[in-house]
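Below is one structure, written out as structure tokens; the observations come after it.
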């Protein structure tokens, strides 16, 4: 045997000699950890098996883009539905006011004056014995779906005895004119 340890023949193998072990043993080739590494094509499969896998940036961008496209298609429809539901809610509330005003008329023989307003439907008026209210549930006059108070006027437009108006609707999208929701013509 030689005094020097033999050099590895390849980068993947090393040879253990007698001097390295400390006794007389035959030379045994030992493989380095690099020789145990999987081939390049299986690296991703091993990572996913070990639970270390994740999504790539490209995969995440594709998913976010798809979600964005879906929202771009669905979003306007949802917002339009919300706007339509507010208009319907305002019309229903105005019809409720009309029914309450008609009951007030049956009891008092008149509609509330402009100064008494819709508040006369929930609070008794001084000096009125025929008031049998409250005529609205909840004991208060609700605001319109946009958070604005309803406007009550006596007499109403076009010869009506009264008018209840919601000014929260804003402008009509087609004409640009103010599109109030009123009890007149309903």
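The values are calculated or read from the model by the stated rules, or taken from the named source; none is laboratory data. This structure is a prediction, so every number in the text was calculated from the model and none was measured. Cβ placement follows ideal geometry from the backbone for every residue including glycine, while neighbour counts extend to all protein chains displayed.
Tabulated values for the structure
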{"quantity": "Pairs where the first residue, in the range 137-154, is within 15 Å of residue 101 (Cα to Cα) and the second is in a strand (DSSP E or B), C-beta under 6 Å, 6+ apart", "calculated": "150/164; 150/166; 151/165; 152/164; 153/163"}
{"quantity": "Those residues of the range 105-132 which are on the phi > 0 side of the Ramachandran plot and not in a loop (DSSP other than H, G, I, E, B), in sequence order", "calculated": "117"}
{"quantity": "Filtered residue count, the range 85-104, keeping only those that are closer than 13 Å to residue 135 by Cα and either outside any helix (DSSP H, G or I) or free of Cβ contacts under 8 Å to residues at least 40 places away in the same chain (or both)", "calculated": "5"}
{"quantity": "Evaluation of residue 53 against (1) surrounded by 10 or more Cβ atoms within 10 Å (Cβ to Cβ); (2) at pLDDT below 60; (3) in contact with a helix residue (DSSP H, G or I) (Cβ under 6 Å, 6 or more places away or on another chain) (one fails), failing number", "calculated": "(2)"}
{"quantity": "Residue count for the range 143-186, restricted to those that are at pLDDT 85 or above, in a loop (DSSP other than H, G, I, E, B), more than 14 Å from residue 112 (Cβ to Cβ) and touching a strand residue (DSSP E or B) at 6+ places or on another chain (Cβ under 6 Å)", "calculated": "1"}
{"quantity": "Number of the condition not met by residue 32 [criteria: (1) modelled with pLDDT of 60 or more; (2) surrounded by 11 or more Cβ atoms within 10 Å (Cβ to Cβ)]", "calculated": "(1)"}
